[in-house]
1. Tell me which of Gln124, Val112, Ala141 sits at the most positive position along the dipole axis of the stretch 85-168, charges placed on C-beta atoms (Lys, Arg +1; Asp, Glu -1).
2. Which net charge results for the neighbourhood of Val74, defined as the other residues with beta-carbon distances under 12 angstrom from its beta-carbon, given Lys and Arg at +1 and Asp and Glu at -1?
3. With respect to the cross-link table entries Lys107/Lys146; Lys47/Lys154; Lys47/Lys157; Lys47/Lys131; Lys36/Lys187, which display a Cα-Cα separation exceeding 28 Å?
4. Just to confirm a number: summing +1 for Lys and Arg and -1 for Asp and Glu over residues other than Ala144 whose beta-carbon lies under 12 angstrom from that of Ala144, what do you get?
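Every read-out reported here was derived from the displayed coordinates using simple, explicitly stated rules and does not represent laboratory data. Everything numeric in this text was worked out from a predicted model, so none of it was measured. We place every Cβ from the backbone using ideal geometry, glycine too, and count neighbours over all the protein chains shown.
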Amino acid sequence: MKVTQAEFVISAVSPKQYPPGNIPEVALAGRSNVGKSSFINKMINRKNLARTSSKPGKTQTLNYYLINNELFFVDLPGYGYAKVSKTEKAKWGPMMDQYLQEREPLKAVILVVDLRHPPTRDDQGMYDYLKHYDIPVIVAATKADKIPRGKWQKHLKEVRTTLQLSKEDSLLMFSSETGIGREEAWKEIWKFVNGKQVEQTQENSVDSTESTATAVEPE
């Protein structure tokens, strides 16, 4: 997919702050520091739309990114980081519940996991939560570049088995370093957004003069 415009719109904590209108939304869920920000940046071929951080737990709001004026990525607070205070975690629960269960423009959730390791209990809990509420799921197993190609299928099988992945849910490998899985991810996203696949394009990179990008608070 050719991205010609990308910008940060708002950090929301309640429905009254959500962007108005019915532009489709795809949310990103995953444990803190798993690479959600890097995923967003690679998907739109930008380095600094979403700032990455070595300090997990920095994303504490629903961060909205508008892509080509036709789709929002919504970065959810990362889970599973012990140093985040119980008070903060208590705030995230209702905020995320309300968004995931009630937000009509939400079309799917991308669950980002680390391909190098089996999904954590928190990953399993998030997947089960999404399935319970019939929210479509795309599992993106990132950091594929850190694993030898010959071991990819072994690790993918481990992800599928640990999550007990349903047949209807997509599992793809991804690398924010090499771009593995980028086009496949866009195809899966658009299946949920409007029922059609994005055509492959040879132009995977975008001239920086063609788009805008606003840096936001890191994960």
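1. The listed residue farthest towards the positive side: Ala141.
2. Numbers: positive: Lys36, Arg103, Lys107; negative: Glu25, Asp75.
Net local charge, Val74 excluded: +1.
3. Working: Lys107/Lys146 30 Å; Lys47/Lys154 30 Å; Lys47/Lys157 31 Å; Lys47/Lys131 32 Å; Lys36/Lys187 18 Å.
Pairs exceeding 28 Å: Lys107/Lys146; Lys47/Lys154; Lys47/Lys157; Lys47/Lys131.
4. Working: positive: Lys42, Arg116, Lys143, Lys146, Arg149, Lys151, Arg182; negative: Asp114, Asp145, Glu177, Glu184.
Once all neighbours under 12 Å are counted, the net charge is +3.
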